[in-house]
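The values are calculated or read from the model by the stated rules, or taken from the named source; none is laboratory data. In this text, all values refer to a predicted model and were calculated from it rather than measured experimentally. Because the Cβ atoms are built from the backbone with ideal geometry, glycine has one as well, and the counts that use them run over all protein chains shown. Keep in mind that these areas ignore ligands, DNA and RNA; they rest on the heavy atoms of the full protein, side chains included. Shrake-Rupley method; radii C 1.70, N 1.55, O 1.52, S 1.80 Å.
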Amino acid sequence: MINKLIAQTLPYFPKKFVWIFSKKYIAGETIEEAILASKQLNDKNITVTIDLLGEFIKNIDEARENKNDYLKIIEHFEKNNIKGNYSLKPTSFGLLIDKDICFKYILEIVAKAAEHNNFVRVDMEDSSCVDLEIELYRKLKAEYPKNVGLVVQAYLKRTPSDLEKLMDLHSDEFPLNYRLCKGIYVEPKEIAFKDPAKVNEMYLKNLEYLLTNKVFVGIATHDKKLIEGAYEIINKHNIPKEQFEFQMLYGVTPDLRKSIIDKAYSMRVYVPYGKEWFGYSTRRLKENPKMASHIIKSLFVRG
Ligand SMILES: Cc1cc2nc3c(=O)[nH]c(=O)nc-3n(C[C@H](O)[C@H](O)[C@H](O)COP(=O)(O)OP(=O)(O)OC[C@H]3O[C@@H](n4cnc5c(N)ncnc54)[C@H](O)[C@@H]3O)c2cc1C
């Protein structure tokens with residue numbers, strides 16, 4: 001009840017107050033704050049992936065602005081020698097408005113990252129975007145085979161088949177590079193597993209398939225059971241450390257994160273920042289007062 005009341009009234013509170021709830025999960029509003037947060041993580045032997053928070057875009061001009069923002073981010077982060085790469089959501093670049101322009105803009109971003117021998121991760125959005133994002137990834141990988149990766153979601157029933165089909169892009173020279181996550185959107189039961197145990201089973205099944213096929217995997221989860229399952233798969237198949245990394249969201253389960261680093265495994269943290277944090281946080285809190293998890297959800301759900 002109290003959570004619900006807070007969530008409903010929070011949008012009317014001063015921004016500074018809402019920030020108290022959000023700041024644990026968001027690196028700040030400005031590039032400088034994101035750079036500082038990234039440096040602090042780098043100092044703990046953690047690499048980062050930077051995400052600029054964005055609102056649902058209404059026209060292609062906004063997509064161009066987002067593209068220009070990302071080009072600036074890359075310049076700043078490279079100049080500051082941040083150990084990290086870049087994550088983006090294709091809908092912020094017009095995927096659902098004009099997929100060709102979206103491709104052109106993201107290609108520019110990947111080209112910029114490639115100039116610095118760096119890498120761009122295409123986040124996976126809701127199920128209406130999956131075909132488009134796979135197509136986009138295929139086209140980007142054809143142009144920049146080393147510098148782009150995709151996210152795959154274990155809760156989608158189609159994922160094992162997508163992974164098999166995408167193996168045609170894989171080679172020893174240019175291995176596929178995925179982030180494997182559970183998936184955060186609310187999807188119908190016809191297309192997504194709803195039972196948490198089934199999602200976990202599929203997560204580990206997909207992980208074993210990818211690792212034994214020499215695909216690079218960002219193992220993105222805060223679920224202890226999945227992390228233990230990942231250790232088992234890694235040990236069972238003697239998977240080399242260069243073929244995977246663990247990934248977590250900024251501010252979530254720092255103790256578990258440390259326990260993984262202590263085992264000398266690579267860790268990357270997803271660092272979201274930007275002026276749009278307020279709209280995101282308050283809208284999600286209003287929808288569902290499960291505070292923290294919904295601020296986190298808001299990092300991935302557009303509009
Ligand atoms: C690096 C990264 C990138 C991601 N990219 C995408 C993407 O592109 N597309 C997409 O659909 N989804 C993405 N996700 C979200 C993902 O799909 C899951 O929804 C999210 O990670 C929660 O699942 P989980 O595996 O952590 O397990 P959960 O079962 O949700 O959480 C496991 C445990 O972690 C702890 N925990 C989780 N959240 C919190 C919290 N807020 N505060 C404190 N403890 C917490 C709790 O102890 C919980 O029991 C990403 C996640 C990560 C880590």
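Observations
- The test for being within 19 Å of Glu125 (Cβ to Cβ), out of contact with any Pro (no Cβ under 6 Å at 6 or more places or on another chain) and either at pLDDT below 95 or within 16 Å of the ligand (Cβ to nearest atom) (or both) does not hold for Ser38.
- Among the residues examined, Lys39 qualifies as more than 22 Å from Leu140 (Cα to Cα), in a helix (DSSP H, G or I), open to solvent by 10 Å² or more (accessible area, probe 1.4 Å) and in contact (Cβ under 8 Å) with a residue 40 or more places away in the chain.
- Taking every residue in region 133-148 that is of a type in the set (D, E, K, R) and pairing it with any residue that is surrounded by fewer than 22 Cβ atoms within 10 Å (Cβ to Cβ), at least 6 positions away or on another chain, the pairs with Cβ-Cβ distances below 7 Å are Arg138/Leu169; Lys139/Phe103; Lys141/Leu169; Glu143/Leu107; Lys146/Phe174.
- Of all residues in region 90-121, those satisfying the criterion of being in contact with a Gly (Cβ under 7 Å, 6 or more places away or on another chain) and of a type outside the set (Ser, Thr, Tyr) are Ile101, Cys102, Phe119, Arg121.
- The residues of region 65-94 that are of a type in the set (Lys, Arg) and assigned to a helix (DSSP H, G or I), listed by number, are Lys67, Lys72, Lys79.
- Number of residues in region 175-189 that are hydrophobic (A, V, I, L, M, F, W, C), in a loop (DSSP other than H, G, I, E, B) and either open to solvent by less than 30 Å² (accessible area, probe 1.4 Å) or under 28 Å from Glu143 (Cα atoms) (or both) equals 1.
Conditions (1) out of contact with any Ser or Thr (no Cβ under 9 Å at 6 or more places or on another chain); (2) surrounded by 13 or more Cβ atoms within 10 Å (Cβ to Cβ), marked per residue:
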{"position": "Ile191", "(1), (2)": "no, no"}
{"position": "Leu207", "(1), (2)": "yes, yes"}
{"position": "Asn213", "(1), (2)": "yes, yes"}
{"position": "Gln243", "(1), (2)": "yes, yes"}
{"position": "Ile261", "(1), (2)": "yes, yes"}
{"position": "Ala264", "(1), (2)": "yes, no"}
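- Exactly one residue out of Leu207, Leu249 is modelled with pLDDT of 95 or more and touching a helix residue (DSSP H, G or I) at 6+ places or on another chain (Cβ under 7 Å): that is Leu207.
- Selection within region 231-266 - within 11 Å of the ligand (Cβ to nearest atom) and of a type in the set (A, V, I, L, M): Met248, Leu249, Val252, Leu256
- Residue match in region 132-146 (condition: in a loop (DSSP other than H, G, I, E, B), at pLDDT 95 or above and within 16 Å of the ligand (Cβ to nearest atom)): no
- Filtering Asp172, Asp162 for residues that are open to solvent by less than 40 Å² (accessible area, probe 1.4 Å) and over 22 Å from Lys104 (Cβ atoms) leaves a single hit, Asp162.
- Residue satisfying condition, being at pLDDT 95 or above, of a type outside the set (Lys, Arg) and open to solvent by less than 40 Å² (accessible area, probe 1.4 Å), within set Gly54, Gly84: Gly84
- Selection of region 147-165 for residues being outside any strand (DSSP E or B) and in contact with a strand residue (DSSP E or B) (Cβ under 8 Å, 6 or more places away or on another chain) yields Asn147, Ala154, Tyr155, Lys157, Thr159, Asp162, Leu163.
- Residue check for Ile234: at pLDDT 95 or above, farther than 30 Å from Glu33 by Cα and in a loop (DSSP other than H, G, I, E, B): no
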